[in-house]
Each structure stands twice: as C-alpha cells, then as structure tokens.
Amino acid sequence: MPHDQVAQGPTTDSHCPYCALQCAQRLGGHPVAAEPRDFPTNRGGLCQKGWTSADLLRAPDRLTQPLRRTADGLVPTTWDDALDDIAARVRALRADHGPDAVAVFGGGGLTNEKAYQLGKFARLALRTRLVDYNGRFCMASAAAAANRSLGVDRGLPFPLTDLDDADAVLLLGSNLADTMPPSVQHLAGPRARGGLVVVDPRRSATARLCDDGAGTHLQPLPGTDLVLLLGLLHVVLGEGLADVTYLDERVDGVEDVRRSVAAWWPERVETVTGVPAGQLRSVAHRLADASPHRGGRGAYVLTGRGAEQHVDGTDTVSAAISLALALGLPGAHRGGYGALTGQGNGQGGREHGQKADQLPGYRSIEDPADRAHVAAVWGVDPELLPRSGVPAVQLLSSLGTESGPRGLFVHGSNVVVSAPRAGGVRDRLASLDLLVVCDVVPSETALLADYVLPVTQWAEEEGTMTSLEGRVLRRRRHVDPPAHVRDELWIWSELARRLDAPGTWSTDASLVFDELARASAGGRADYAGLSHARLDTGEALHWPCPDPDHPGTPRLFTNRFATPSGRARMVPVRPVGPDDDVHAEAPLHLVTGRLLAHYQSGAQTRRVPALCDAAGGPHVELHPSLAARLGLDGAELVRVTSARGSMVAPARITRDVRPDTVFVPFHFAGDSLVNALTNDATDPVSGMPEFKVCAVRVERVADDAGPSAARVLQEVES
Ligand SMILES: Nc1nc2c(c(=O)[nH]1)N[C@H]1C(S)=C(S)[C@@H](COP(=O)(O)OP(=O)(O)OC[C@H]3O[C@@H](n4cnc5c(=O)[nH]c(N)nc54)[C@H](O)[C@@H]3O)O[C@H]1N2
Ligand SMILES: Nc1nc2c(c(=O)[nH]1)N[C@H]1C(S)=C(S)[C@@H](COP(=O)(O)OP(=O)(O)OC[C@H]3O[C@@H](n4cnc5c(=O)[nH]c(N)nc54)[C@H](O)[C@@H]3O)O[C@H]1N2
Ligand code: SF4
Ligand SMILES: [Mo]
C-alpha cells in the first residue's frame, strides 16, 4: 500500500536524501513534501530530485516486511525467524570456512552512525576482515591522491562558497550542472570574469556554462586528463607562472615533478588529447593570473568522476594537486584543490570504518596505536580486531570462489547495476550460500537475495551526514516508518546479540554518534567535539572538531599540511592510458555518467514518476557523423558491445559528444545496463575501477531484432 506516514510535527528541518551537496530541506504537509531551506551550499535551491524526494516515502513497491527466499521465490517472514536463521547460517559458514567466509558491502549513502556501526559489526560480530563499500567506485582515487600529497582527504578542504569570489575555476570531469545543480550558483563570479574552464569529452550542461565568454570548454579524448594536466604544469613551471615562494616554504618534490613534465610541451599534449596547444597555454595563463601570488582573486582546481574513474585516476588527481600547488593555491584562502564528493554521505562514509583498511576517524586497521585506541573504545582486546580486507572490485569478484567468501551482507548499494562488469557480479552473487540485502525498495540486487530486510530511509530516521565540504549535518526523522520496517542499528544489535559479539550495540543514533566521536578522537577526521545536541543548537560544523569548544575547521592547510612534515608533497606521475583502448573491432570510446533526473543505479529515482517523465529512459548519445555511418536518422535502437557484454538503447543524436565517443548513463538496468560493458580493471593505488572509458562498437538494431529489442522499445514507450 502506498504509505504516507504519521508526521512527528508540522515541519522538520533536514537535508536531501541524495547527493553530497546535502541541500537543506524542510519536510512538511499532507502528503509530505520537501521544500528548500536556506543553507550556504544550496542557498534556497533544490534540484528536481530534491523537490520530488518525498515521493520516495510513497514508492508503490516499498519493502515493508522481511522476505525469505523459498522455492516459490521471496516470501514474507518474521523478524525473529529471519534474524535467527541468518545468525545460524553465519555461524555455520564461519565454523566450516573461518570468519572470512562472510563479507560485508556498505554504502556512501548511509549515515555516519550506520557507516561506523557497520564497520564495527563486520569486525566484532562477524569477525571478518572482508568489508568494503561503494565509495571505492566513487572517491577512492581522489582520496588516495589527497592523502599522499596533502596528508588528509577532505573532498573540499574549504567551503563551497569560497568559489564565489574566485577569478578562475578549473573543473576536470565534473558535470555539476546536472549532478549538483544548485552548486552552479557558486560559479557565477568566475563566469562573470570569463574564468570557468571545463574539461569534458562531452559538451555537457556544465561545459555549456562556458558559452558567451564565461569560460573555456576543453574537449579532450576520454582518458587523457593526466596528459592534459602535465601539459598545464609544463607551461606553469616552464613559463615562470609558478608561486616560487610558496613552493619553497610549503612543498616538497617540486624538482622531480619539473623533470617529469619537461617532455609534455603543449604541441605534444595536443597530439594525445586533441586539445589545441594555444588553448592549453591560454588556460595555464588564466589560472596563473587568477592566483593570489599574481594578484588574482583566487583560483580553484576541482576534479569529478570523469577525471578519476580511470586506471590512472590517482595519478591524475596527483597531477591536479601538483598544478594547484605550483600555483600556490592549497591553504591560501583564495584558492585550492578539491574533489567533488558524490554520495549523500560520501565524505563521512569514507571516514568511519567501512573501508577495507580502515578504522573510525580515518585510522588505519594495520597501525598498532590506532588498533589499540579503537579497541579500547569498543571494550575489546586489540588482538580481536581483524586485519585489512580487499577493495570492492576484488571483493565482488572473489565471492563464491574456492577461497572467497560464501556469504555477503549488502547495506546501501545496488551492485548488480552499479558495479563494473556487472554480468560477472550477478553470477558471483548467485553462487553464494547466503546473500542478505538491506534496502528500502526491491532493488535489482535485493531481488537476488536469500533474505531481504526492509530498512528505514532518510525522513524516517535520526543521524548525521558529512557533506562534500566536510560539514557534519543533522538528518532528522519527520515521519514514522511503516510498521515492520527497522533501522539498521537495530538489525546489527539483534544480530550481534545472536552472534555473541562483544561490545555494546546501541540502537540510539545519538549514542552511536557519541561513541563514533570517541573512536575518532585524535584521528585525522576528528569528530570528538561534536554531538547531536551540539549540531541541533548551532550550525553544521566542519571537521576536525576535537573538543566541544572548538569552532570546527572550514579551511584546512592554512598553516601546515596534514603530512608528518607539515609540507605538501608533489608526486611525479606518468600517463598509462585506458586499460581497454580502442581497436579495429571496438573502435569507439564509451564514456558513462549521469543524467540530472536520475540517481546512481536508479533504485530510488526510477520509482519517482516525475523523474521518469523528465529523464525519458536510457539512451546512447552519439555524434551525427557516427549516426550517418550507422544509417540512423532518429531515435532508433542501437546495440553497444564491448569485450565484456552488450546493451541496447535508443540513439540520441547530438553534436555534444565527440565523433569518436559515445556516452551512456548508468541509471538503467535490464537490457540497457551499461555496466554489462564496463571494464573492471582498477587503479593500482586506489582500487577504483575504470568506469569512465572502455572500447566498444555500436550497431543499428534491425526493427525485427527479437525479444530484447522489443522489450527495450516497450519500456521506453511506457
Ligand atoms: N543527477 C545525479 N546527480 C548525482 C548523482 C547521480 O547519480 N545523478 N550521483 C552523485 C555521485 S555518487 C557522484 S560520484 C557525482 C558524480 O558527479 P560527476 O562527476 O559530475 O558525474 P559523471 O556524470 O559521472 O561524470 C562527469 C563528467 O565526466 C565526463 N567524462 C567522461 N569521461 C571523461 C574523461 O575521460 N575525462 C573527463 N575530463 N571527463 C570525462 C562525462 O562526460 C561527464 O559529463 O554525482 C552525484 N550527483
Ligand atoms: N558505469 C558507471 N557505473 C558507475 C558509476 C559511473 O559513473 N559509471 N559511478 C559509480 C559511483 S560514483 C557510485 S557512488 C556508485 C553508486 O551506485 P550504488 O552503490 O548502486 O548506489 P545507489 O544506486 O545509490 O544504491 C543505494 C541503494 O541503497 C538503498 N538505500 C538507501 N538508503 C539506505 C539505507 O539507509 N540503508 C540501506 N541498507 N539501503 C539504503 C537504495 O534504495 C539503493 O538501492 O555507482 C558507480 N557505478
Ligand atoms: S543537488 Fe543533490 S542534495 Fe541538492 S537537491 Fe539535488 S540531489 Fe538533493
Ligand atoms: Mo559516486
């Protein structure tokens, strides 16, 4: 039954359930609706997903009771029976194969409290080292690069509003006009001064913000951002544009980087990237002129997934950081480097222990002092804590294999749609002895589970989220969940009890937050001075916030970097190019990404009617010259095929994409599942898969091409 539940009060102030901009919302009315609230990041704006978010509460197929797989498929069961049987099966797997027989896959949409408790549940209740999460698909490369150069990974080490005053912003592989629409307000200043530079192989909505003199769109070959950045560094370091005082005082490794970019003169960069040498030079000069050391109002270098989701993503971000350092930007108050975090709690979700090698507060699970600190908070012997696990792609491909886990818990990810080489992931999930999926709706992954456990969603729960600028915000409950829906904190406490786990397992989010704060104390992401009560009385605060009187830290690196020496480190890097590069049988680059109206695997937004109307379903963006070669003249169906699989969707002919490239959004499943094609090769440093580029061929699908074509046409038409 569509369900619009009992409200807690007339209105409740909270934040959007979707992306990391975490726009402020006010929930109220009958039926419940969301309205924007003023907040620095969204300034009274919401995108269409935010405006329609209350429809999630009324999803017609909302999960409302636990389900168990039988010969007849998934059937309702009781919580007690489900939890008893899950615990018994975990014990049996553990007895037969050891604690790593059960693994955990988490999500960057979980609140801080849940992300923290999930890591603790994996280590203390399941005793497994195998826990990782979908942030590995998202922020892992930016995080790895920031850690090695700046000593800490906070996506934006400055408030987003700092962009307002800048003269120049370089956006590499971010389409924020579609992925965080209200954030476009903060580009108004740089655009008015002609200083927006967008690097994207597509003329995206964000690239179009450069029109009419507002900036420059560079349209490189996919997968060549690293070469482009080396070219910009070549010009900055070679033409005397760098901030030499800053480099002397604050940065190590400059000479190694200078040598490594010597051979990347602009004309050579042009042959690899296709970006004209003159354009590259003028962008380098514009960034330098915007930088404080040359009297500019400020310059920012920002990366999105387009530059990061590659096998050399970490090195690409390292080059972006080197460029920012060369210009004297990080910590300068009027400039910096930042990565635009994606998921609602993509930032907090990567700080508190659901990552394979991590304990809360960005502590390391291999470091003896870190283990001792967290074990003391958990009230256990440090020896009890497992060691590091493996990153997400490796974890997923090991499921059900001879030496791999036989059971998996999934909390907040729809991996059969969103993981690379998704066909293989589906097979691996099917081979498990026990798959438990907690979700709000019957996602494609939930439909494969042995147990589906219905959980609360944003407007039904208390907690905190940490936004893209490292600000800790309160998520508040406005409505009661459906009667048999439970909070994951409750599920973990019940399972922990049944598994005789040590430690305490509170179901109260504010108490779990207090414990998280203690566990993070003294760590790089220090939340020790925060509590629900403090966040309720004041503004949202930026971490680190080490004590209750500390005002929070909107800007990092103003005096020192978070490295042991306090100095930043430039890392010399070399381009390697895509793992699956074009060749005769697959002559086109496939790039994947997002549409404004849909979110991620689409599990949530494909259930919101207004968003389905707006987005119109899956499609393949291709250039008119390619369309002519394929004999297409409209929205006919095309088949896209890579070495791993194929998909079918209607063509969308547009000059916004390069003639050698096709673009497909990843929000759709079934026959239009683009991750059936993507490559699961990963970045050797971060474990991030190469979602953004692989080699494909495209063919027109004949009108009588059989069942899958007919199905796609039917879906698109409905
Ligand atoms: N509407 C919507 N908003 C979202 C989300 C969503 O699913 N839908 N998801 C949220 C999440 S988790 C994330 S991570 C963010 C992602 O936010 P973005 O990074 O902005 O999103 P993408 O569309 O994945 O990729 C951005 C751009 O990269 C380009 N690109 C592809 N290949 C390359 C390349 O080789 N080099 C360069 N320079 N660009 C390339 C694509 O053409 C695309 O326009 O969005 C968040 N916001
Ligand atoms: N080809 C391609 N693939 C990509 C990308 C790309 O650019 N191209 N981008 C990648 C990126 S950046 C990301 S972040 C991933 C995201 O992809 P996924 O990890 O699949 O993320 P979502 O689709 O947001 O899935 C979240 C699921 O959790 C459920 N959910 C919501 N709240 C809760 C909760 O509190 N608890 C629980 N248990 N469940 C909840 C939702 O209903 C949904 O089913 O996709 C990656 N995949
Ligand atoms: S930009 Fe992100 S946080 Fe803001 S309304 Fe849209 S989806 Fe929600
Ligand atoms: Mo993401």
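Among the residues of the stretch 493-509, is there at least one that is in contact with a Pro (Cβ under 6 Å, 6 or more places away or on another chain) and farther than 15 Å from His411 by Cβ? Steps first, answer last, please.
Kept after step one, since they are in contact with a Pro (Cβ under 6 Å, 6 or more places away or on another chain), are these residues of the stretch 493-509: none.
No, the stretch 493-509 contains no residue that is in contact with a Pro (Cβ under 6 Å, 6 or more places away or on another chain) and farther than 15 Å from His411 by Cβ.
Select from the stretch 338-389 the residues that are among the charged types (D, E, K, R) and over 15 Å from Leu118 (Cα atoms) and write down the one among them that is surrounded by the most Cβ atoms within 10 Å (Cβ to Cβ). Spell out the reasoning first.
The first filter runs over the stretch 338-389 and keeps only residues among the charged types (D, E, K, R), leaving 350-351, 355, 357, 363, 366-367, 370-371, 381, 383, 387.
Pick out the ones that are also over 15 Å from Leu118 (Cα atoms) and you get 363, 366-367, 370-371, 381, 383, 387.
Working: Arg363: 24, Glu366: 12, Asp367: 12, Asp370: 21, Arg371: 20, Asp381: 12, Glu383: 7, Arg387: 10.
So the residue we want is Arg363.
Does the stretch 306-346 hold any residues that are among the hydroxyl-bearing types (Ser, Thr, Tyr) and closer than 15 Å to Val261 by Cα, and which are they?
Scanning the stretch 306-346 gives Thr316, Ser318, Ser322.
Please find, within the stretch 32-62, the residue that is farthest from ligand 4 (Cβ to nearest atom) out of those that are part of a loop (DSSP other than H, G, I, E, B) and of a type in the set (A, V, I, L, M, F, W, C).
Val32
For the stretch 87-140, which residues satisfy the criterion of being within 24 Å of Val317 (Cβ to Cβ) and either touching a Cys at 6+ places or on another chain (Cβ under 9 Å) or charged (D, E, K, R) (or both)?
If the condition is that a residue be within 24 Å of Val317 (Cβ to Cβ) and either touching a Cys at 6+ places or on another chain (Cβ under 9 Å) or charged (D, E, K, R) (or both), then Gly108, Asp132, Arg136 are the ones that fit.
For the condition without any contact (Cβ under 8 Å) to a residue 12 or more places away in the chain, small (Gly, Ala, Ser) and closer than 30 Å to Pro220 by Cβ, what is the one hit in Ala643, Ala615, Ala628?
Only one candidate qualifies: Ala628.
Step by step: first the residues of the stretch 433-469, then only those that are part of a strand (DSSP E or B) and farther than 17 Å from Asp487 by Cβ, then the one that is farthest from ligand 2 (Cβ to nearest atom). Which residue is that?
Among those residues, the one meeting the criterion is Leu434.
List every residue pair whose Cβ atoms lie under 7 Å apart, where the two residues are 6 or more positions apart in sequence or sit on different chains, the first residue falls within the stretch 49-76 and is in the same structural domain as Glu444 (by TED's automatic domain parsing), and the second residue, located anywhere, is among the hydrophobic types (A, V, I, L, M, F, W, C) and modelled with pLDDT under 95.
none
Can Ser282 be described as in the same structural domain as Leu329 (by TED's automatic domain parsing) and buried (at least 22 other Cβ atoms within 10 Å of the Cβ)?
No: the conditions fail for Ser282.
Considering only the stretch 577-687, give the strands (runs of 3 or more DSSP E) lying wholly within it that have at least 2 residues that are closer than 30 Å to Ala146 by Cβ, more than 11 Å from ligand 2 (Cβ to nearest atom) and modelled with pLDDT of 95 or more.
none
Evaluate the following for Val251: is it away from ligand 1 (no atom under 16 Å from the Cβ) and farther than 29 Å from Asn175 by Cβ? Lay out the reasoning, then the answer.
On the way: away from ligand 1 (no atom under 16 Å from the Cβ): yes; farther than 29 Å from Asn175 by Cβ: yes.
Spelling it out, Val251 is indeed away from ligand 1 (no atom under 16 Å from the Cβ) and farther than 29 Å from Asn175 by Cβ.
From the list Gly331, Gly346, pick out the single residue that is within 16 Å of ligand 2 (Cβ to nearest atom), within 21 Å of Leu163 (Cβ to Cβ) and outside any helix (DSSP H, G or I). I'd like the intermediate steps shown before the answer.
Numbers: Gly331 fails: within 16 Å of ligand 2 (Cβ to nearest atom).
Among Gly331, Gly346, only Gly346 is within 16 Å of ligand 2 (Cβ to nearest atom), within 21 Å of Leu163 (Cβ to Cβ) and outside any helix (DSSP H, G or I).
Given (1) within 16 Å of ligand 1 (Cβ to nearest atom); (2) closer than 30 Å to Asp164 by Cβ; (3) in contact with a Pro (Cβ under 7 Å, 6 or more places away or on another chain), where does Gly44 come up short, assuming only one miss?
Looking at each condition in turn, Gly44 falls short on (1).
So Ala324 passes all but one of these: (1) under 27 Å from Asp289 (Cα atoms); (2) under 10 Å from the mean Cα position of the chain (by Cα). Which condition number does it fail?
Evaluating Ala324 over (1) under 27 Å from Asp289 (Cα atoms); (2) under 10 Å from the mean Cα position of the chain (by Cα) leaves (2) as the failure.
Suppose the filter is assigned by TED's automatic domain parsing to the domain that holds Val485, over 21 Å from Arg371 (Cβ atoms), among the charged types (D, E, K, R) and part of a helix (DSSP H, G or I); does Lys120 pass it?
Criteria not met by Lys120.
Sort out which residues of the stretch 568-594 are surrounded by fewer than 23 Cβ atoms within 10 Å (Cβ to Cβ) and within 10 Å of ligand 1 (Cβ to nearest atom), and write them in order of number.
Listed by number, the residues that qualify are Pro578, Thr592, Arg594.
Residue by residue, here is whether (1) surrounded by fewer than 18 Cβ atoms within 10 Å (Cβ to Cβ); (2) touching a residue at least 60 places away in the same chain (Cβ under 8 Å) holds:
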site: Thr456; (1), (2): no, no
site: Ser467; (1), (2): no, yes
site: Arg475; (1), (2): no, yes
site: Asp480; (1), (2): yes, yes
site: Ser493; (1), (2): no, no
site: Asp508; (1), (2): yes, no
site: Ser520; (1), (2): no, yes
site: Gly529; (1), (2): no, no
site: Gly538; (1), (2): yes, no
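Quick check on the stretch 349-378: of everything there that is touching a helix residue (DSSP H, G or I) at 6+ places or on another chain (Cβ under 7 Å) and assigned to a helix (DSSP H, G or I), which residue is farthest from Ser413 (Cα to Cα)?
Ala372
The values are calculated or read from the model by the stated rules, or taken from the named source; none is laboratory data. Keep in mind that what you see is a predicted model, and the values were worked out from it rather than measured. Positions of Cβ are generated from backbone atoms using ideal geometry, with glycine treated the same way; all protein chains shown enter the neighbour counts.
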